[in-house]
Amino acid sequence: GCGSKEEAPAETPAPAESEAPAAPAESAAPAESEAPAASGESYDIVVMPKLIGIPYFNQTGEGAEKAGKDLGVNVIYNGPTTADAAEQVKMLEDYITQGVDAICVAPNDPAALDPVLKKAKEAGIKVLDWDTPATEALVDASIHQISDKELGEHCVDKLVEYMGTDEGEYAIITGGLSAANLNAWIKYAREYAEEKFPNLKLVEDPYPTDEKQDVALSTAKDVMKAYPDLKGFICMSTPAPIGTAQAVRELGLQDKVTVVGTCVQEDCQDVLSDGSLDCGMLWNTQNLGYLTVACAKALLDGNTLSNGATIDGWDSPLVMENDKIVVMGPPDDYEKK
Amino acid sequence: MKEKFLEISNVSKTFPGVKALDNVKFDIVPGEVHALVGENGAGKSTLIKILSGFQQPDLGAKIVIEGKETKLNGVMDAIRQGISVVYQDFSLFGNLTVAENIGINEIIEKNRPVLKWKEINEKAVKALAIVGAEIDPKEIVENLSVAKQQMVAIASAVAQDAKMIILDEPTSALSRNEVETLYDIIDNLKKKNIAIMFVSHKMEELFHVSDRFTIFRDGQYVDTVDAKDVTEDDLVSMMVGRKVEIKSYANLENKGPVALKVEGLSKKGNFKNINFELHEGEVIGITGLVGAGRSEMAQAIFGINPPDSGKVYVRGKEVHIKSPAQALQHGIAYIPESRQTQGLVLPKTIESNITLPVLKKYRNKIGLIDRKTQRASVDKWVEMLDVRPNDPDMLAMQLSGGNQQKVVLAKWISTQAKILIVDEPTNGVDVGAKAEIHQIIRKLASEGTAVIVISSELPEILSVSDRILVMRKGRIAGEFLNKDLTQEMIMSKAVV
Amino acid sequence: MKFYKNLRSKHSNELTLAIIFIGIFVLMSILSPDKFLSGNNIKTMMFQMPEFGLMAIAMMIAVLTGGINLSITTGAALSSIVCAFILSSEFSQNNNALGIILGLIACMVVAVICGVINGYVVAYIGVAAMLVTLGSKTLFEGLGLAFTKGGSISGFPEAYSFLGNGSVLGIPFPIILYIVVIIVSYLLIERSAWGTEVYMVGCNEIATRFSGINTKKTLMKVYIYSGIMAGFASILISSRYNSAKTDYGSSYMMQAVTAVVLGGTSISGGHGTVAGTVLAVAIVQVISTGLNILGVNRYIINIITGGILIVVLALRYITKVMEDNRKIKERAAAAAK
Amino acid sequence: MKNFAKNFVKRKEFGIILIVVILSVILTFLSSAFLTVTNIMDFMKSNSVYGIMAFGMLPVLISAGIDLSVSATIALSAVVIGKFMLAFPNSNPVIVILVAMIVGAAVGVINGLIITKFNIPPIVTTLGVMTIVNGAVLLGTGGAWISGLPQWWVSFGSFKLFGIVPTQLFMLIFAGLVTWLILKFTLVGRGIYAVGGSQSSAVRVGYNVNRILIFIYAFCGMMAGLGAAAHISIVGQVDPNTYTGYELDVISTVVLGGASVMGGTGTVFGTTLGVILMAVLKNGLILARIPNYWQKVVMGLVIIIAVSVDVINRKREQAKLVRVDVEE
Ligand SMILES: Nc1ncnc2c1ncn2[C@@H]1O[C@H](COP(=O)(O)OP(=O)(O)OP(=O)(O)O)[C@@H](O)[C@H]1O
Ligand SMILES: Nc1ncnc2c1ncn2[C@@H]1O[C@H](COP(=O)(O)OP(=O)(O)OP(=O)(O)O)[C@@H](O)[C@H]1O
Ligand SMILES: [Mg+2]
Ligand SMILES: [Mg+2]
């Protein structure tokens, strides 16, 4: 079962591999099919991930493009090949030149995009951020798969739940020390753990694994040697939990060491099966892309987003933290059934 | 007359820059030593590269080996035909052992994929024995002296049991008694009925070893003559197209004050307790066997690898020179042994080479090089030393040995250094150019420059120097005034 | 006419590059006249190119000596991080002007120090440049991480953003800086005594040293200059992205090598011109911007860039061979007469 | 014996042996977990991939070349065998490894052909090929992971002889052995050293230099292929993105092992030491509980110091070298 504290929204997100996002899209499709005719022209909406060519952003892309079809808008899903803010800025500048209608970006680094997002606004382009917030003042809407705070805290809760105790040593494995969103989650997780579970002891600053599964594997192993009494791992970035779980498996410590973290569902089935990974979690990645495009379209149509309102293509009411931040909902937990 | 091993005709070779060979011919019979002579740039090495299959001649060339017309399309062809070469620059593998450098060739020739080290070592030891060199087969080649490297090169040619061996200036790095060994080697190669093609600029050895001469001039075939039918002068005038006389310049009077004084100069494993004085306007010749430590001593004075102990005075003031840059400031210039690696920046133009040490002199107000004045002075030096071709934009590597050496000279003369040390200045330089270089050196001396000439070639030493120091095993073994001296007197000090 | 001859004989390489550049530029203009050729886009490129160009020059001078500098990007990041600490400090908030000046000075100081470290190990210890900079690359990155804890430093005085985003008389400031640097570099590298020494060292260090040149000093200056160029780039980057972070511009390292080689600089040292590098940079820029505007996937852009690199060098070789053959034929013919 | 000791100190590898030993001693004191069979097996296993690729890179560096494309090559091989195993779920490890090596070799041959036919410098050629192959791989896969590999592969990857020695270590040893045999006992191998020493001389003594060069790069690619097999046998699935940046790590490993980028020198023994040093370093940084934010600083310093020490030693040797047997 999904151990999330918050009330899950009407539609339970479909498992990523199925024709997601089942619930919203299907019901939305008929409503939208004549939309272009209605609004006359088709919008150019740029959806830019941090980088292209990794599973996570492929799936958000699929969602975004699906929304494009359903809503009859032209979605341009493109981004740099390395998670380099400089590259993102250049590409955005090019798109502003090109004169698109909306830009939805997952910033590799919020501050770095300020100037270019300013330019976009001045050019009268709707600006949204998704996956990772940009500077709030510069965006018309900010699509959060979940609040960073909530995810960080959720990790800690899951860790404690599976450790079966709230005392002992734990370590954090992260994709990279300079990944803004991972750092955000980690920050909240650490703060939350400190005040809620004072007996949880973080052994060391987060261990970087270069977004590489094998590095996570060897690092986790070494960490367990360096800290023999270690009780659990929190793993941020999608390859990390799997590598870490494999390490636990190789040392046969499935029931001694707990592993929780963010990963893509298909990729973690194997390590879940024997409990070397105790709980993987992620939001429905396709829905994230879908919702982003839907919001952009809504804004372009001149609607305003408000809490509880429904918009084309997303028939569950919007959950808004304030007049800009749209929250998709709590993460899905992947656990051994 | 035995039938010829090799006969070639209509051989031409055109490079983008020049026509190096203009349908020349050449032939050789087993057991003879046939010398190929000519000035620098006459095309000797080029012909050798063609015979070794390393370069292809222009169309129309005719190459007949043992009666059969053939083409040498690659090095392998030549080696299989039994032609092996000792190149002017050895072309050894500095990073590999002596044994491998000698022993591997046969395996390459037979193209055996897997090799047996025992075999290779034995072969190497045998070959080294034939050339009579005591060298440890396990030694890495780049740790050997130039001389020893030369012997290794010869050994590896011998090891290929070839029918014809080509020696391109094989003695340029050899000292007298090593040359003697070479003569012996050549003799018993002749006995084995091997044909030997011999290239050299040194008259005495040419006449010592050769049965026949073929003369090239500027890529043209001049003539082929029997050694016994010609005198040195005939040969020289055939090569150069005019008469060149070897003068003796010795001049024991009117030398100026002491320019350079060396006291107890020592460097471990290089030289020990060197003392001498050098006067302005004087030319000292330093000779001895290769490996006597002359270059090492010179390079110590020039600051390349400074001495451990001892004093150096320039014009009476003690100096501590730690780098060539400092030596230059004290007006000391050193023209190194190897122009290819130490003397010249081969891929750059004559101009940039000549002006390198004095670049700063050509800076204008805003600190940029003033190209006009630079070109002007370069033209002057090219003019004065008669570098051919006299185009300052020519790349150094396109020049032949003699002209390269002139460029190096020009480079240092242009610094107006008052003390000039030249190491093997005429190594691989033809008779004509050699005489010119001697003239230049004496001219500088007469203008008050103090000169040290390091050379293994006694005729040269006897010709240019006023005073002669002989080095042996890192020490100064003897000193002579250049007055009714003979080569024998000098050698007696050089060898133990 | 004579001028043209001279141009062809001495600068054939630059000529070819210029033609390629114009060709590609025209092609792009035809493919998307309204967007690529728009003044707006030209301006955008003028903002983008300088930081890359500066990195390329930083790389070029090292390559001229037969070395290479793999640490330009991390060195630049480190400098801008130090700069950022000052810019975002209490002090700078209160008195901007002084803060910015101090920041810039600090930035250049760090850049020079990076150069000195590389230069010392390369010139005075004598380690191959590739190895040294391989190490210093990691070192500088590490320091950046240690200082920033992986985060990005932002919150600069408003005025600072002028350096990267401002214009003078409608001309982007970065391009002005770039042009000045190009001219200075040309004079220093191709017209000064030191520059000549650099080329000579690149061809034959021993012969140059034997000629009384203090080659160690020459090399040291080279790496310092390289550091300074990277430093300038880092200023533009931190200003354009209004923040500083260890991995900014990381993708410039390999791109710089590409541009330098494309520009005709011999990777083994001794040959190459500033003009060539600058043209190559422009070519790469136009390709990536142009294709980007055409909405081409980044990977295809990379593939094309890589392809062009190899093709151009292949052509360079083939033409040289044909040229030689032509000369030889001419001579042969001349001789025949 | 004394003589042996002398020669040993003279060896190029001495410097790095020293560093490895010192590091190990320190670590043994800092962490009881360090000097244990399991730990050693673990870090050798997790570095086997770099090791295998390093042995492939060694001949390239000896020949005075360089191959930046290995990271792209390993990615390509990994993807190909990943898809291969899904397509032929009842083939077997040997075939898979062969496929990987063939794919790698193919890329290598392309490198070799471009280098020899258009004589474009290796660093440039391989840089271009890297960009192209990488682009192609990610374009083709969209970076999607390939998971759900057959069971026989998983168990092959997790097999340990006597429950101690992992499969990947055997692959590593195999790679090292093959490289050593080739370099020491085959004509091609000696040709590689010859080319590195002096290419023109190599031509003059009759080596077919072009063929040698093509072989070198093919071999390097082949080892990258083997590396791919080793890697996905460890992680159990294929992530096309995971290989970026491998080239520099591999190269630094080899040069730490005493191979000169100027060419001509380098030994399998040295490279092995290089691999061990890297492994010990990564493993040690964590066991020694070095603050994570400072790890890269330590890494960088160690690299710079190691290469510097090496050079300084060699210079001292050169200076000691007796140039003239001076009469005392
Ligand atoms: N690869 C080349 N490219 C262009 N010109 C060349 C090349 N090799 C030789 N030459 C030219 O061909 C001519 C003959 O050179 P070669 O080396 O054969 O002369 P040489 O008789 O060996 O002179 P030396 O006695 O100095 O060795 C020279 O003018 C030289 O500059
Ligand atoms: N590259 C080298 N590395 C180590 N030792 C060398 C090297 N070159 C030469 N030597 C040593 O230095 C000694 C001197 O070499 P070289 O042939 O220059 O003798 P030299 O005294 O300079 O001869 P010459 O007086 O003719 O210049 C040689 O006997 C050799 O042992
Ligand atoms: Mg010659
Ligand atoms: Mg000497």
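The values are calculated or read from the model by the stated rules, or taken from the named source; none is laboratory data. None of the values given here were measured: they were computed from a predicted structure. No Cβ is skipped: glycine too gets one built from the backbone with ideal geometry, and neighbour counts run over all protein chains shown.
Applying the set (1) closer than 22 Å to B:Glu169 by Cβ; (2) away from ligand 1 (no atom under 16 Å from the Cβ); (3) more than 15 Å from the chain's Cα centre (by Cα) to B:Glu436 leaves exactly one unmet item: (2). Looking only at residues in segment C:283-337 that are under 21 Å from the mean Cα position of the chain (by Cα) and of a type in the set (Gly, Ala, Ser), which one is nearest to the other protein chains (Cβ to nearest Cβ)? Out of the qualifying residues, it is C:Gly306.
Which members of segment B:418-430 meet the condition of being at pLDDT 90 or above and either away from ligand 2 (no atom under 15 Å from the Cβ) or not charged (D, E, K, R) (or both)? The answer is B:Lys418, B:Ile419, B:Leu420, B:Ile421, B:Val422. Every condition in (1) touching a strand residue (DSSP E or B) at 6+ places or on another chain (Cβ under 8 Å); (2) within 16 Å of ligand 2 (Cβ to nearest atom); (3) more than 20 Å from B:Ser455 (Cβ to Cβ) is met by B:Val225 except one, and the failing one is (2). When segment B:349-393 is examined, which residues are found to be under 22 Å from B:Ile437 (Cβ atoms) and outside any helix (DSSP H, G or I)? Answer for segment B:349-393, where residues must be under 22 Å from B:Ile437 (Cβ atoms) and outside any helix (DSSP H, G or I): B:Thr349, B:Asp386, B:Val387, B:Arg388, B:Pro389, B:Asn390, B:Asp391, B:Pro392.
Looking only at helices (runs of 4 or more DSSP H) that lie completely in segment C:135-248, which have at least 1 residues being touching a Phe, Trp or Tyr at 6+ places or on another chain (Cβ under 8 Å) and within 14 Å of chain D (Cβ to nearest Cβ)? Can you show your working first?
Details: elements: C:162-165, C:173-186, C:193-203, C:205-210, C:215-240.
Per the criteria, C:215-240.
Restricting attention to segment B:160-181, the residues that are more than 16 Å from ligand 1 (Cβ to nearest atom) and modelled with pLDDT under 85 add up to 11. Does B:Arg339 qualify as being within 16 Å of ligand 2 (Cβ to nearest atom) and either within 13 Å of chain C (Cβ to nearest Cβ) or of a type in the set (A, V, I, L, M) (or both)? It is true that B:Arg339 is within 16 Å of ligand 2 (Cβ to nearest atom) and either within 13 Å of chain C (Cβ to nearest Cβ) or of a type in the set (A, V, I, L, M) (or both).
Residues are listed down the side, and each one gets a yes or a no for (1) within 14 Å of another protein chain (Cβ to nearest Cβ); (2) under 26 Å from the mean Cα position of the chain (by Cα); (3) within 16 Å of ligand 2 (Cβ to nearest atom):
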{"position": "B:Asp229", "(1), (2), (3)": "no, no, no"}
{"position": "B:Glu232", "(1), (2), (3)": "no, yes, no"}
{"position": "B:Arg242", "(1), (2), (3)": "no, yes, no"}
{"position": "B:Gly256", "(1), (2), (3)": "no, no, no"}
{"position": "B:Asn270", "(1), (2), (3)": "yes, yes, yes"}
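Of the residues making up segment D:229-240, not a single one is surrounded by fewer than 24 Cβ atoms within 10 Å (Cβ to Cβ) and among the charged types (D, E, K, R). Does D:Lys282 satisfy the condition of being among the charged types (D, E, K, R), within 14 Å of chain C (Cβ to nearest Cβ) and buried (at least 23 other Cβ atoms within 10 Å of the Cβ)? In short, no. If we scan segment B:126-138, do we find a residue that is assigned to a helix (DSSP H, G or I), surrounded by 18 or more Cβ atoms within 10 Å (Cβ to Cβ) and away from ligand 4 (no atom under 16 Å from the Cβ)? There is at least one residue in segment B:126-138 that is assigned to a helix (DSSP H, G or I), surrounded by 18 or more Cβ atoms within 10 Å (Cβ to Cβ) and away from ligand 4 (no atom under 16 Å from the Cβ). Residues in segment D:241-255 include at least one that is farther than 27 Å from B:Ile140 by Cβ, within 8 Å of chain C (Cβ to nearest Cβ) and either in contact (Cβ under 8 Å) with a residue 24 or more places away in the chain or part of a helix (DSSP H, G or I) (or both).
Of the residues in segment C:255-266, not one is surrounded by fewer than 24 Cβ atoms within 10 Å (Cβ to Cβ), at the interface with another protein chain (Cβ under 9 Å from one of its Cβ atoms), not in a helix (DSSP H, G or I) and not hydroxyl-bearing (Ser, Thr, Tyr).
Taking the numbered list (1) among the β-branched types (Val, Ile, Thr); (2) within 16 Å of ligand 2 (Cβ to nearest atom); (3) more than 14 Å from chain C (Cβ to nearest Cβ) in turn, B:Val319 passes all entries but (2). Return the residue satisfying two criteria in turn: it lies in segment B:126-181 and is polar (S, T, N, Q), more than 14 Å from every other protein chain (Cβ to nearest Cβ) and touching a residue at least 40 places away in the same chain (Cβ under 8 Å), and of such residues it is farthest from ligand 3 (Cβ to nearest atom). Per the stated criteria, the residue is B:Asn177.
Of the residues B:Asp386, B:Asp393, B:Asp379, the single one that is of a type in the set (D, E, K, R), in contact with a Ser or Thr (Cβ under 8 Å, 6 or more places away or on another chain) and surrounded by fewer than 23 Cβ atoms within 10 Å (Cβ to Cβ) is B:Asp393.
Would you pick out the residues in segment B:292-333 that are within 16 Å of ligand 4 (Cβ to nearest atom) and buried (at least 21 other Cβ atoms within 10 Å of the Cβ)?
Passing the criteria: B:Ala292, B:Gly293, B:Arg294, B:Ser295, B:Glu296, B:Met297, B:Ala298, B:Gln299, B:Ala300, B:Ile301, B:Phe302, B:Ile304.
Check off (1) within 21 Å of the chain's Cα centre (by Cα); (2) away from ligand 2 (no atom under 16 Å from the Cβ); (3) under 30 Å from B:Val209 (Cα atoms) for B:Tyr249 and give me the number that stays unchecked. Checking B:Tyr249 against (1) within 21 Å of the chain's Cα centre (by Cα); (2) away from ligand 2 (no atom under 16 Å from the Cβ); (3) under 30 Å from B:Val209 (Cα atoms), the one that fails is (1). Taken together, the criteria place B:Val85 among residues that are in contact (Cβ under 8 Å) with a residue 60 or more places away in the chain, out of contact with any Gly (no Cβ under 9 Å at 6 or more places or on another chain) and either within 16 Å of ligand 2 (Cβ to nearest atom) or facing chain D (nearest Cβ under 10 Å) (or both).
Select, from C:Val181, C:Val109, the only residue that is at pLDDT 95 or above and surrounded by fewer than 19 Cβ atoms within 10 Å (Cβ to Cβ).
One residue alone meets the criteria, C:Val109.
Can you find a residue in segment B:32-48 that is more than 16 Å from ligand 3 (Cβ to nearest atom) and without any contact (Cβ under 8 Å) to a residue 24 or more places away in the chain? Scanning segment B:32-48, I find no residue that is more than 16 Å from ligand 3 (Cβ to nearest atom) and without any contact (Cβ under 8 Å) to a residue 24 or more places away in the chain, so the answer is no. Of the set (1) in a loop (DSSP other than H, G, I, E, B); (2) under 24 Å from the mean Cα position of the chain (by Cα), all apply to B:Ile166 but (1). The residues listed here are B:Leu59, B:Leu72; of these, the one that is in a loop (DSSP other than H, G, I, E, B) and within 18 Å of B:Ile166 (Cβ to Cβ) is B:Leu72.
Might you let me know whether segment C:48-60 holds any residue that is touching a strand residue (DSSP E or B) at 6+ places or on another chain (Cβ under 7 Å) and within 23 Å of C:Phe156 (Cβ to Cβ)? Among the residues of segment C:48-60, not one is touching a strand residue (DSSP E or B) at 6+ places or on another chain (Cβ under 7 Å) and within 23 Å of C:Phe156 (Cβ to Cβ), which makes the answer no. Residues in segment B:24-53 that are near ligand 1 (Cβ under 9 Å from one of its atoms), of a type in the set (Asp, Glu) and either within 12 Å of B:Leu6 (Cβ to Cβ) or surrounded by fewer than 22 Cβ atoms within 10 Å (Cβ to Cβ) (or both): 0 in all.
Inclusion of D:Gly140 among residues that are of a type outside the set (A, V, I, L, M), part of a helix (DSSP H, G or I), more than 30 Å from C:Lys320 (Cβ to Cβ) and within 14 Å of chain C (Cβ to nearest Cβ) is warranted.
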